[in-house]
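Q: One structure, as structure tokens, below. Some questions next.
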Amino acid sequence: MKIYFSPASPYVRKVMVVAHELGLADRIERLPSAAGPVQRDATIRQDNPLGQVPTFFTDDGTVLYDSRVICEYLDDLGGGRFFGSGAERWRNLTDAALGDGLLGAALLARYEAVLRPEPLRWADWSRGQLEKVTDAVDRMEATDLGARLDIGTVTLGCGLGYLDFRFPELDWRIGRPRVAAWYADFAQRPSMTATAPGG
């Protein structure tokens, strides 16, 4: 198996956390990439027209994207229960959607601040995206995440890790002791420490 990889991508991290938890990480070859929203990686685009990471290759050469699809493939391959069934499945998928939404909004805010030329930056746009982020963390604070390990908690954990990495000034822990305590424990999982963002 192979994956187009970026150590700073929270979506790649989500896939690799699931792979580590399922004992599959050592079977996945990491391919370097230069994916970006403006200068897209032509090599990735040969297999994924979106030119994004993660793009994943199964052992038989099937190409999978995006992170949700890849995680479900790994869960099936590794005999996991990251997605669950019945009501548990819908809870896990909804929490994963919340985490993906947080990440999407955070990435848009980052692109606005880092990639858009300063005279063209739109403060209201950035504020709107970051309000989505804080509303998502508020919802996490109101949710009993307990000791769960599923696609929902992995996605939420990667989302909070991305905030620490790219938006430390948000101080998301302030006024949210419950989710802060949950994340302090979750972030110590070997799968999370092995995939901590860099670059």
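Q: Could you run the Karplus curve 6.51 cos²θ - 1.76 cosθ + 1.60 with θ = phi - 60° over the stretch 57-72 and give me ³J(HN,Hα) per residue in whole Hz, x for Gly and Pro?
A: The phi angles translate into 10, 6, 5, 8, x, 5, 9, 10, 7, 9, 4, 5, 5, 4, 4, 5 Hz.
Q: Here is a further query. Which one of Tyr11, Pro49, Tyr162 is farthest out on the positive end of the charge dipole of the chain, using unit charges on Cβ (Lys, Arg +1; Asp, Glu -1) and the Cα centre as origin?
A: The residue sitting farthest along the positive end of the dipole is Tyr162.
Q: A further question on this structure: Taking the chain as a Gaussian network, Cα atoms linked when under 10 Å apart, which of Thr55, Thr94, Thr153 shows the biggest mean-square fluctuation?
A: Result: Thr94 has the largest fluctuation of those listed.
Q: Sticking with this structure for a sec: Under the definition of Cα pairs under 8 Å and six or more residues apart, what whole-number percent is the relative contact order of the stretch 95-138?
A: Working: 27 pairs, mean separation 23.2, N = 44.
RCO, the stretch 95-138: 53 percent.
Q: Continuing with this model, one more query. Under a 1.4 angstrom probe, counting protein chains only, how are Asp75, Asp185 ranked by accessible area, largest first?
A: The residues order as Asp185, Asp75, largest area first.
Q: Which sequence of Ser67, Ser33 reflects their accessible areas, 1.4 Å probe, from the largest down?
A: From most exposed to least exposed: Ser33, Ser67.
Q: Right, next: Per DSSP helix of 4 or more residues, -39500 (n - 2.57); summed, then divided by the residues of the chain. What does that give at 222 nm, rounded to the nearest 500?
A: My calculation for the chain gives -17000 deg cm²/dmol from helical runs alone.
Q: Over the chain, what is the relative contact order in whole percent, taking alpha-carbon pairs under 8 Å and six or more residues apart?
A: Answer for the chain is 25 percent.
Q: Something else now. Apply the Karplus parameterisation 6.51 cos²θ - 1.76 cosθ + 1.60, with θ equal to phi minus 60°, to every residue of the stretch 180-192 and state each ³J(HN,Hα) to the nearest whole Hz, in sequence, with x for glycine and proline.
A: 4, 5, 4, 5, 4, 6, 5, 5, 8, 4, x, 5, 7
The values are calculated or read from the model by the stated rules, or taken from the named source; none is laboratory data. Just so we're clear, the structure is a prediction, and the values are computed from it rather than from any experiment. Quick reminder, even Gly has a Cβ in these numbers, built from the backbone with ideal geometry, and neighbours come from all protein chains shown. Note: areas computed on protein heavy atoms with side chains; ligands, DNA, RNA excluded. Shrake-Rupley method; radii C 1.70, N 1.55, O 1.52, S 1.80 Å.
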